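Contents: one structure, followed by commentary.
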Amino acid sequence: MTLDLFADDTRTGSREFLGEGAVVLRQFASPHVDAVFSALHDIEAHAPFRHMVTPGGFRMSVAMTNCGEYGWVSDRRGYRYDANDPLTAHRWPALPEVFLTLARTAAEAAGFPEFIPDACLVNRYGPGTRLSLHQDKNERDFAAPIVSVSLGLPAVFLFGGPQRADKCLRVPLAHGDVVVWGGPVRLHFHGVMPLKAGEHPRTGETRINLTFRKAG
Ligand code: SIN
Ligand code: FE2
């Protein structure tokens, strides 16, 4: 069965505020998805998805790759941004034009003008895959927001507070939705609930998430 929770599109163009500095832009990425998937295809060919290892030695269940000047990596030495893909020893693929445009216009719509990301982490979730609560804090510049684009299967995004134990909002995200957070909530904890199994016409049994950052 195809999960089509938000197919009636009544949410298209709507905004839901998660607090000061954080907003869901429903279906903001929809006009760009064809170009995004075509760019992703090229990125994957040069920098394949892989399961990184946490500093504690655990294999991450989310499969990841990157594009941009910097890529987020994790291994036994820690979390960091690296200009080279450790798998190939080459630079990460460049940020495609459609990614830059999508990130910039979404940030602008959320009240963060002139956002020019230099890093895009691509996460792929399979059935049951979750992303535990964390802060995005390896970036050098916290003045820039995070722009997060959801593709494929729907997921429940958790958006918490400055402390790990703070209560989280549960935000259902569908294919094409974009979340932007920055300013006072830039370092808030967030995560993703275990992905419910399903089938999406664009991504099969997976959800793909792009997060744009200014890392360097
Ligand atoms: C992330 O926090 O890096 C990804 C969030 C998401 O997959 O929605
Ligand atoms: Fe994150």
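Checking Gly204 against (1) surrounded by fewer than 18 Cβ atoms within 10 Å (Cβ to Cβ); (2) within 13 Å of ligand 2 (Cβ to nearest atom), only one condition comes out false. Which one?
Going through (1) surrounded by fewer than 18 Cβ atoms within 10 Å (Cβ to Cβ); (2) within 13 Å of ligand 2 (Cβ to nearest atom) one by one, Gly204 breaks only (2).
All but one of (1) within 16 Å of ligand 2 (Cβ to nearest atom); (2) within 26 Å of Arg50 (Cα to Cα); (3) surrounded by fewer than 19 Cβ atoms within 10 Å (Cβ to Cβ) hold for Phe142; state the number of the condition that does not hold.
(2)
Of the residues in the stretch 195-216, how many are farther than 20 Å from Gln135 by Cβ, more than 12 Å from ligand 1 (Cβ to nearest atom) and in contact (Cβ under 8 Å) with a residue 60 or more places away in the chain?
Looking only at that region, the number is 8.
In the stretch 157-189, which residues are without any contact (Cβ under 8 Å) to a residue 40 or more places away in the chain and assigned to a loop (DSSP other than H, G, I, E, B)?
Matches in the stretch 157-189: Gly160, Gly161, Pro162, Gln163, Arg164, Ala165, Asp166, Lys167, Cys168.
Listed here are the residues, each with its yes/no results for (1) crowded, with 21+ Cβ neighbours inside 10 Å; (2) away from ligand 1 (no atom under 16 Å from the Cβ); (3) modelled with pLDDT of 95 or more.
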site: Ser74; (1), (2), (3): no, no, yes
site: Asn84; (1), (2), (3): no, yes, yes
site: Ala106; (1), (2), (3): yes, no, yes
site: Gly111; (1), (2), (3): no, yes, yes
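The values are calculated or read from the model by the stated rules, or taken from the named source; none is laboratory data. Just so we're clear, the structure is a prediction, and the values are computed from it rather than from any experiment. Positions of Cβ are generated from backbone atoms using ideal geometry, with glycine treated the same way; all protein chains shown enter the neighbour counts.
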